[in-house]
Amino acid sequence: MRRTTAFAYSIVAALVFLGPLLLFLAGMRSDPKFENRRLAPAPDLEITRLLDTAMYQEATAFFVDRVPLRDLGVRVDAWIDFHVLGDTPNPKDVAIGKDGWLFNPVTYTATCTDDLPDPELIVANADLLMSVLAESGRDVAFTISPQKRTIHPEYLGGLKEQAACAEEHSTALHDALLADPPTGYVDTWGILLQASAEGEIVYFRDDGHWNFVGAARSAAAIVEQLWPGAWSEEDVVVGEDSERAGNLALQMGLTSTETITPVWVEREGVTVLASKTQAAKQTPAVRIYRLELAQGATAPGVSTLALGDSFMGFTAEEHLAPYTESLVWINWRTIGRSGSLSNPAGRPVPEAEELLLDTLAGADSVIVQTVEWEVWQRLSSMRLTYLLLASLSEDLPHQDIAARGTVVGLPADVSLGSGRPFLVVRTDGEGTLNVRLLHRDGPGAEWTEIGRGESPRSDLAVVDLRDLPTTGESAIRIRNVDSSQIEIIRIVRV
Amino acid sequence: MVFSSIEFLFLFMPVAIGAYFVVPRALKNHVLLAASLLFYTWGGGAFVFILAASIAVNYWAGGFAAAAREQGNDRRRAIGVAVGVAANVALLGYFKYANFFVDQLNSVGDALGIGTIAWTNIGLPIGISFFTFQSMSYTIDVAMGRAERLRNPFDFALFVSLFPQLIAGPIVRYHQIADQLRDRRTRIDDVAEGVVRFAHGLVKKVLIADSVAVIADAAFGSNPSDLTTGAAWLGVAAYTVQIYFDFSGYSDMAIGLGRVLGFHFPENFNRPYSALSITDFWRRWHITLSSFFRDYLYVPLGGSRGSTAATYRNLVVVFLLTGLWHGANWTFVAWGAYHGALLIIERVTGQRPTEGASLPWLRRGFVLLLVMIGWVLFRAESLPAAVEYLRAMFTFTGGVGAAVGDVITVKATIALAIGAASVLLPGRFVAGVELQQRVGAVPAVARAALMGLALPYTLMVVASGSFSPFLYFQF
């Protein structure tokens with residue numbers, strides 16, 4: 001190698017490998033927002049942690065997140081993968097269908113399993129949840145937002161084979177919903193299928209969600225369910241085409257955009273204001289909208305709670321908010337699973353559940369929306385239903401039991417009468433409430449445990465009494481809290 | 001910390017090498033030693049004490065044996081060697097194999113109903129297979145008079161812990177770099193050649209090995225009953241490319257880094273998939289390991305100097321241990337036994353050419369096929385899984401299957417094609433060496449393409465590997 005060439009290569013190597021570090025030391029950083037997440041915090045560098053590999057992992061994460069030009073490298077590599085090779089740089093999270101349509105593989109891999117619950121069970125659980133809300137005196141709407149692959153299978157292309165198994169479960173679920181619709185059911189699924197069959201595009205190409213046309217069509221059906229006659233096509237505004245980056249394109253590291261047509265509702269004399277509470281500040285997954293009404297203008301809804309996921313994000317402000325004086329949209333992820341409250345970034349939001357219950361207490365309308373692939377998990381658990389049941393028990397037909405003690409006898413006629421009976425126990429004690437359902441053939445006989453309560457929260461327990469024997473005696477045994485700390489023992493009928 | 005990570009490429013390496021060039025010559029080894037110990041601690045934490053203890057024991061054993069040799073005291077020399085070797089074997093045996101052997105004993109005890117040994121699994125210090133072998137080479141080399149012992153313990157510590165080859169080789173024997181440890185100079189040519197060699201290794205590792213790894217992982221991770229014949233062959237072909245480009249790429253990077261720092265490490269690969277026989281394969285694959293076993297085990301056992309039966313026994317012993325060196329699992333033992341058996345068959349039939357044989361392409365193809373079958377044993381999670389995989393390879397079922405089909409991207413296909421095509425190159429053409437050393441217009445253009453195109457693209461792929469966006473954008 002000639003000396004000048006050798007010198008040139010040495011300089012190139014120094015620039016390539018030392019350059020980013022020098023830029024880092026000079027204060028330059030990779031775009032902190034390009035991954036839409038919090039950057040790794042500064043490492044806790046201490047002499048006492050010199051042998052702790054965690055310290056080095058922290059330092060690595062801190063540096064990697066900030067190293068200059070990393071965002072550029074990711075973007076160029078993604079561009080080459082997608083535009084030159086026709087590949088997805090991120091096959092786990094994004095799959096490429098026909099004509100550049102992007103799909104989220106989890107929407108078909110997650111439901112391609114034999115472990116899914118029966119569709120009929122999901123429908124029954126949805127009905128119970130919505131019945132609790134409806135029988136407490138609220139107007140309700142329940143809808144399942146279908147997957148992009150369900151509505152636009154024509155763009156799956158080579159992904160059709162992988163999605164086929166999930167498609168069977170989708171069809172079975174939709175059939176079950178139509179066969180025995182849950183209380184307040186709004187069939188946006190069918191509406192979007194119909195639109196697609198007529199050649200309309202109701203989902204984004206680069207995003208996993210419905211587009212504004214699909215969102216507007218769904219919203220129209222929800223509004224009709226809650227406030228019949230309120231929706232008017234004259235209020236629907238179609239904006240000028242604009243460019244938008246879809247979540248799946250961003251997920252691949254691309255900066256590309258797709259042309260979209262914004263569609264929103266403008267009602268005369270009605271202005272939608274987005275406001276935030278303390279909880280909303282802490283989490284982007286709770287959003288609150290209020291109306292500013294000009295003189296003479298009215299809204300059919302007063303106070304509406306929407307429990308929905310990211311699909312709600314395309315319709316809450318644009319289409320639903322103009323119809324209700326107040327709309328609080330709480331993301332399913334915010335209320336968490338198994339009692340763990342967190343926002344989508346994983347940070348805990350302890351106020352979110354309280355916000356949900358407080359908003360519900362003052363709401364006259366409730367919308368429950370969930371995306372198709374997550375409904376299997378969300379509605380196979382009774383946690384949310386029991387939480388709402390306990391919270392709304394005052395508004396539902398109920399009967400309080402005055403007796404207190406470790407073992408409390410239940411009335412003999414519990415299983416009689418109309419409505420499905422549940423027992424709600426609430427405590428102001430510290431321990432996690434534990435309630436067992438007991439039965440015996442008659443006085444003097446041994447108690448046998450025949451069921452257990454579920455605890456949606458440590459201070460609550462709910463027991464389903466539907467299958468309580470009609471003969472003999474029944475009782476509950478309360479554990480972990482002192483009988484003096486029991487606030488309520490109540491039988492509620494739904 | 002792997003060489004192909006952002007933290008190594010843009011933080012550790014520039015700081016360590018920068019500091020090395022900035023300090024006066026007298027301090028260069030100290031800087032390198034400090035960097036190497038930091039490199040080890042970064043990934044190994046408190047295991048650095050195991051490394052330090054190994055350094056101390058081996059330094060003493062080598063010094064003791066060397067002093068005995070100088071005094072002509074063979075008995076004391078043998079004691080020094082025995083202590084050094086025993087210490088390394090004990091270290092390796094305890095940390096790498098104790099869990100495995102206790103598992104086997106417990107399986108037997110459980111089956112016979114005689115109880116099991118209560119045992120808490122031991123963590124594995126990274127690079128232990130490499131640093132124990134290097135340490136052993138020091139004791140043996142100074143005891144045999146192949147090189148002078150080191151008087152400075154810091155120089156010895158540097159020899160054992162030198163970060164470019166600490167965790168993945170090549171296994172550098174003491175006599176190969178003894179002089180360089182004491183005195184070396186880095187010229188601009190060394191830096192340039194080292195940089196080119198490092199870049200070549202990085203490109204091999206990131207663009208070829210990592211790209212085809214998804215296919216191999218999908219095939220070997222599949223349920224055996226779902227594995228079609230096509231998927232099984234594709235998987236083993238991908239793994240054949242992956243393991244070579246991964247390991248030789250890492251060796252290229254180590255050799256390149258060493259060169260930048262003024263060291264001349266031995267070559268570790270020489271186009272192994274162009275071998276004309278399994279005997280030839282083992283002269284081309286992981287050369288520093290096979291030559292270590294040859295010189296420090298096979299030859300002392302008697303090599304091929306004794307009876308035919310003794311030669312076969314020696315081969316079996318060497319290859320069982322070679323297999324076991326790669327990991328504490330029966331699959332590695334089986335892989336070693338498989339290669340040992342093939343070598344014996346070649347000796348029996350006299351078919352073990354290393355060059356100039358008739359029908360070279362046919363021989364290369366056949367040897368590659370045998371090697372690929374061996375990789376199934378090497379890669380499978382267990383022996384039953386390997387048997388199932390081999391059954392899928394040789395029982396015809398159509399298609400590729402969804403699990404493997406899903407991961408066959410254009411990038412992976414190109415990488416697999418390039419990797420497979422390397423088999424077609426002339427037998428003595430080793431790209432890394434050619435790029436590093438050869439003079440002429442074609443190598444110059446290739447070097448420019450490597451540094452100007454392939455390296456920047458590779459670094460983008462490295463950056464992409466760290467991309468971790470949050471899915472719920474806007475929500």
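Values computed for the structure shown
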item: Subset of the range B:219-272 [among the polar types (S, T, N, Q) and within 30 Å of B:Lys28 (Cβ to Cβ)]; result: B:Ser248, B:Ser251, B:Asn268
item: Candidate set: the range A:420-445, residues that are among the aliphatic types (A, V, I, L, M) and not in a loop (DSSP other than H, G, I, E, B); chosen: the one nearest to the chain's Cα centre (by Cα); result: A:Val424
item: Subset of the range A:448-483 (residues that are over 20 Å from A:Ala402 (Cα atoms) and of a type in the set (D, E, K, R)); result: A:Glu449, A:Arg452, A:Glu454, A:Arg457, A:Arg466, A:Asp467
item: Inter-residue pairs, beta-carbon under 6 Å, first within 15 Å of B:Leu91 (Cα to Cα) and in the range B:33-60, second crowded, with 19+ Cβ neighbours inside 10 Å and among the small types (Gly, Ala, Ser), 6+ apart; result: B:Ser54/B:Ser135; B:Ile55/B:Ala157; B:Val57/B:Ala87; B:Asn58/B:Gly84; B:Asn58/B:Ser135
item: Candidate set from the range B:412-445 (those that are charged (D, E, K, R) and either part of a helix (DSSP H, G or I) or more than 13 Å from chain A (Cβ to nearest Cβ) (or both)); member that is farthest from B:Leu368 (Cα to Cα); result: B:Glu434
item: Test: B:Ala254 is farther than 14 Å from B:Gln165 by Cβ and aliphatic (A, V, I, L, M); result: no
item: Count - residues of the range B:209-232 that are assigned to a helix (DSSP H, G or I), surrounded by fewer than 24 Cβ atoms within 10 Å (Cβ to Cβ) and more than 14 Å from every other protein chain (Cβ to nearest Cβ); result: 5
item: Failed criterion for A:Asp467 (all others in (1) without any contact (Cβ under 8 Å) to a residue 60 or more places away in the chain; (2) in contact with a Leu (Cβ under 7 Å, 6 or more places away or on another chain); (3) within 24 Å of A:Glu120 (Cα to Cα) hold); result: (2)
item: Boolean, B:Ala199 is over 19 Å from B:Leu377 (Cα atoms), assigned to a helix (DSSP H, G or I), within 14 Å of another protein chain (Cβ to nearest Cβ) and in contact (Cβ under 8 Å) with a residue 24 or more places away in the chain; result: yes
item: Test: B:Leu343 is in contact (Cβ under 8 Å) with a residue 60 or more places away in the chain, touching a Lys or Arg at 6+ places or on another chain (Cβ under 9 Å), of a type in the set (A, V, I, L, M, F, W, C) and crowded, with 19+ Cβ neighbours inside 10 Å; result: yes
item: Per-region count, the range A:69-97, residues out of contact with any Asp or Glu (no Cβ under 8 Å at 6 or more places or on another chain) and either under 24 Å from B:Val214 (Cβ atoms) or more than 9 Å from chain B (Cβ to nearest Cβ) (or both); result: 20
item: Matching residues in the range A:36-68 - criterion: being more than 7 Å from chain B (Cβ to nearest Cβ) and either among the polar types (S, T, N, Q) or in contact with a strand residue (DSSP E or B) (Cβ under 6 Å, 6 or more places away or on another chain) (or both); result: A:Thr48, A:Gln57
item: Hits in the range A:25-35 - residues which are more than 8 Å from every other protein chain (Cβ to nearest Cβ) and buried (at least 18 other Cβ atoms within 10 Å of the Cβ); result: A:Ser30
item: The range B:9-32 - residue that is farther than 27 Å from B:Lys205 by Cβ and touching a residue at least 60 places away in the same chain (Cβ under 8 Å) and, of those, farthest from the chain's Cα centre (by Cα); result: B:His30
item: Enumeration of residues in the range A:1-23 that are facing another protein chain (nearest Cβ under 8 Å) and either in contact with a Pro (Cβ under 6 Å, 6 or more places away or on another chain) or farther than 30 Å from B:Val445 by Cα (or both); result: A:Phe17, A:Leu18, A:Pro20, A:Leu21
item: Which numbered condition A:Ser196 misses (of (1) surrounded by fewer than 19 Cβ atoms within 10 Å (Cβ to Cβ); (2) over 26 Å from A:Val328 (Cα atoms); (3) of a type in the set (Ser, Thr, Tyr)); result: (1)
item: Extreme residue, surrounded by the most Cβ atoms within 10 Å (Cβ to Cβ), among residues of the range A:446-464 that are within 29 Å of the chain's Cα centre (by Cα) and over 13 Å from A:Arg426 (Cβ atoms); result: A:Asp464
item: Output for the range A:106-140, where each listed residue is closer than 27 Å to A:Gly246 by Cβ and buried (at least 20 other Cβ atoms within 10 Å of the Cβ); result: A:Thr107, A:Tyr108, A:Thr111
item: Filter pass, B:Gly399 being more than 23 Å from the chain's Cα centre (by Cα) and either within 14 Å of chain A (Cβ to nearest Cβ) or assigned to a helix (DSSP H, G or I) (or both); result: yes
item: B:Asp179 vs. criteria assigned to a helix (DSSP H, G or I), in the same structural domain as B:Gln437 (by TED's automatic domain parsing) and among the acidic types (Asp, Glu); result: no
item: Answer residue from the range B:174-196, given it is under 20 Å from the mean Cα position of the chain (by Cα) and surrounded by 24 or more Cβ atoms within 10 Å (Cβ to Cβ) and is nearest to the other protein chains (Cβ to nearest Cβ) among those; result: B:Gly194
item: Subset of the range A:469-484 (residues that are surrounded by 17 or more Cβ atoms within 10 Å (Cβ to Cβ) and at pLDDT below 85); result: A:Val481
item: Number of the condition not met by B:Lys204 [criteria: (1) among the charged types (D, E, K, R); (2) touching a helix residue (DSSP H, G or I) at 6+ places or on another chain (Cβ under 6 Å); (3) not assigned by TED's automatic domain parsing to the domain that holds B:Leu383]; result: (3)
item: Of all residues making up the range B:240-259, the number that are surrounded by fewer than 24 Cβ atoms within 10 Å (Cβ to Cβ) and touching an Asp or Glu at 6+ places or on another chain (Cβ under 9 Å); result: 1
item: Strands (runs of 3 or more DSSP E) lying entirely in the range A:365-419 (those with 2 or more residues that are farther than 30 Å from A:His174 by Cα); result: A:398-400, A:407-409
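The values are calculated or read from the model by the stated rules, or taken from the named source; none is laboratory data. Since the structure is predicted, the reported quantities are computational estimates derived from the model, not experimental observations. Using ideal geometry, Cβ is built from the backbone for each residue, glycine included, and neighbour counts are taken over all protein chains shown.
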